[in-house]
1. Tell me, what % of the accessible area of segment A:1-77 is carbon and sulfur with a 1.4 angstrom probe?
2. Please report the base-10 log of the normalised intensity I(q)/I(0) for segment A:38-97, using a Debye sum with one equal scatterer per alpha carbon and no solvent, at each q in 0.17, 0.21 (1/Å).
3. Please report how far the C-alpha centroid of segment A:42-75 lies from that of segment A:79-101, rounded to the nearest whole angstrom.
4. I need the peptides B:33-39, A:251-257 ranked by packing, meaning the mean over residues of other C-beta atoms within 10 angstrom, with the highest value on top.
5. With N set to the residue count of segment B:1-78, report its C-alpha Rg divided by 2.2 N^0.38 Å to two decimal places.
6. Summarise the accessible area of chain B (1.4 Å probe, protein heavy atoms) by the percent that is carbon and sulfur.
7. What percentage of all Cα-Cα pairs in segment A:69-124 are separated by more than 15 Å?
8. At R0 = 56 Å, how high is the FRET efficiency between B:ARG195 and A:THR279 if r is their beta carbon distance? Nearest 0.05 is fine.
Amino acid sequence: MAVLQYREALNQAMCEEMLRDENVFLMGEEVGQYQGAYKVSQGMLEKFGEKRVIDTPIAESGFAGLGIGAALMGLRPIVEFMTWNFSAVAFDQILNNSTKIRYMSGGQFTLPMVFRGGNGAAHMLGAQHSQAMDSLYAHLPGHIVTCPATPYDAKGLLKAAIRDDNPVCFMESEVLYGTKGEVPDGEYLIPLGKADIKRPGKDVTIIVWGKALFTVLEAANRLAEMGIEAEVLDLRTVRPMDKQAIFTSVSKTNRAVVVQEGWPVAGLGAEIACLIQETIFDELDAPVMRVTNEDVPMPYNKHMEKRVLPDVARIVEAVKKVTYS
Amino acid sequence: MAHFAQMPKLTDTMEEGVIVKWMVKVGDTVSPGQQIAEVETDKAVMPMEAFDAGTVLQLIAQEGKPVPLGGPIYVLGAPGEKLPEGSPAPAATAAPQPAAASASPAQSAEPKAEKPDAKTEPPAVAPGISAKRLLVSPIAGRMAADAGIDLYTVTGSGPAGRIIKRDIEAAIQKKDAKAPAVSKASTLKDLTMMRKTVAKRLSKAWSEIPHFFLEREVDATAMRQLQKTLKEELPDAHISLNDILIKCSAYALTKVPDCNVSWTEAGIEQHEAVHVSVAVALEDGLITPVVRNADGKTVMAIAQEVRALAQKAKERRLQPEEYSGGTFSISNLGMFGIDKFTAIINPPEAMILAVGKVEPKPVVVDGQVVVRDRLCLTLSCDHRVVDGALGAKFLAELTQAIEHPLRMLVV
């Protein structure tokens, strides 16, 4: 067991898979010579050479399409977006190509590729660079969307994503790259589509994914001081969602709060709340609550940014509501 | 959207108001600030204005009838709009209703589970307007149904009085606390073979044999003395009163052989040998091992045999030939403190002797009151084969044997 940074866990995952399968290669802005915009691909150009670690121009649509083409030809590209905000430029490639080719070709082509990059807000990056894109991409059928929060989850899920024959949107966070966690030494994979109970509890289920996990865990500690034991369910993958884990947990606690870093309207929080009340209505003691970003573009100002994001206070308030405390 | 307008607080001390006069009728359009009624408050008659613009769809408050603060007084909306839920039947004094304003039925009294939506405010139903509507969370509703709890007896602690899980948990605890801590329910024990057999045989005996009972109190002093003597002289023999009684009964049967019979449809079966069945109490029933040819056995032999058979009976090792074939039964409950009792005949036998306890009692002997050991015997007889006189004759012989045991040596 080693303690690794999230970025190191990703690095290991990519290196191991590239050693294991020569078809796997990495491309994106600054991934090679610059050692990665966030140093995720540190040392990889040296290790694997120019043919397998490719610096691209600032042309997301172009290199996303390039990746799709490579995948069509049987390669296994890892396409890095510096952040998922910039995937907007490549949206047509994802919406109309990567999620559709397998279906429209009647299965003649699979696209074994990974799009990865940092997602959501960081610190004072402003409206255009703080967007959480997970809800948008999870809306599209035809690919997998996963958002690991810990180094352990990141390595296991990235390896699984690279080996999966479907296109996978792998969403990290600039804020998480430096966080540390235990990662086993040997080979391991984490199945895509499986949630994980990060903290067991009995009074309420808090459903979360991605970096909001840490805010939720802090809120859970605060709640424990008030005598409320929260069960924290980390979805890890948001498409496909581990519905059974959600239903099992909420049936146990009878109350659910979804914490989503992102805009509320038609977001994943809404989807989860709907699933719960549709399927296990009779287990509910209270309506399902969501704690999301405020429905605004992200402010640049430090304090306003904090105010927009889901914080411990708002999560605690929501839990108190559903537990009538 | 059609909505209720509520009785406003026109003075700071007002708790209810009375519409003195409506200044509008159904179908009129009103604009904010327009006076629509005169309201009598606790202080004075004051004008009431409309707060919104719209068409008056229904006048709810009747002139002269008090309405509490916040109570609905009229409905405002767009022309022809459906009245909101909770609208009562149209007030009798209101202006003619347009055809579209058919009264919504009064709120049903059934408890309705509230849909889990984002709003937690209560629906806009004023107090006193409709029958009580229950707000119950889905899980609370289910728990209450499972536990048999009437939701109308539960106070909801959630918003707007919503009954929630913890309210039902509390109600269940209260219910359990009231119920006795230990539920005295009956349990069912499986029938053992013995119990089944006893039940079957004795039910048959009781229903088929016409029983009658002869009681006789005998003097047991001599018998007691005999037992004492035997105890001193033959301590290892452990001869009991019952062993002596068995001997006496066997003797009496030889003297009155007409009692040593069995009823059969074909005829009365006369037994030549005297086999005495001795009732032995077991943990889960009783069994009657047989002392064969008891008339020819010494009391000591009888004592030994009865002890051995009883032990075998308790160990469930009695063979069928050891507990069948008796011609007469004796059952002794004296050691359990019973004064006297009636026993049920053991078919195919004709009689059974029920023996109580030996007790010192005052009796008259030669005109004097003296204390003697007395024993009550009750003889059950099968009236098909033994009549009263015959049974009495047997008891007489038995009494003689008990009261003068040495006679058995001679006669």
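1. That fraction is 53 percent.
2. -0.61, -0.90
3. Measuring centre to centre over Cα atoms gives 14 Å.
4. Ranking the peptides B:33-39, A:251-257 by packing returns A:251-257, B:33-39.
5. Dividing the Cα Rg of segment B:1-78 by 2.2 N^0.38 Å gives 0.99.
6. Here it works out to 56 percent.
7. Every Cα pair in segment A:69-124 considered, those over 15 Å come to 54 percent.
8. Given R0 = 56 Å and the Cβ-Cβ separation, E is 0.55.
The values are calculated or read from the model by the stated rules, or taken from the named source; none is laboratory data. Every value quoted in this text rests on a predicted model; they were computed, and no experiment measured them. Positions of Cβ are generated from backbone atoms using ideal geometry, with glycine treated the same way; all protein chains shown enter the neighbour counts. Side chains are part of the model used for accessible areas, which takes the heavy atoms of the whole protein and leaves out ligands, DNA and RNA. Shrake-Rupley method; radii C 1.70, N 1.55, O 1.52, S 1.80 Å.
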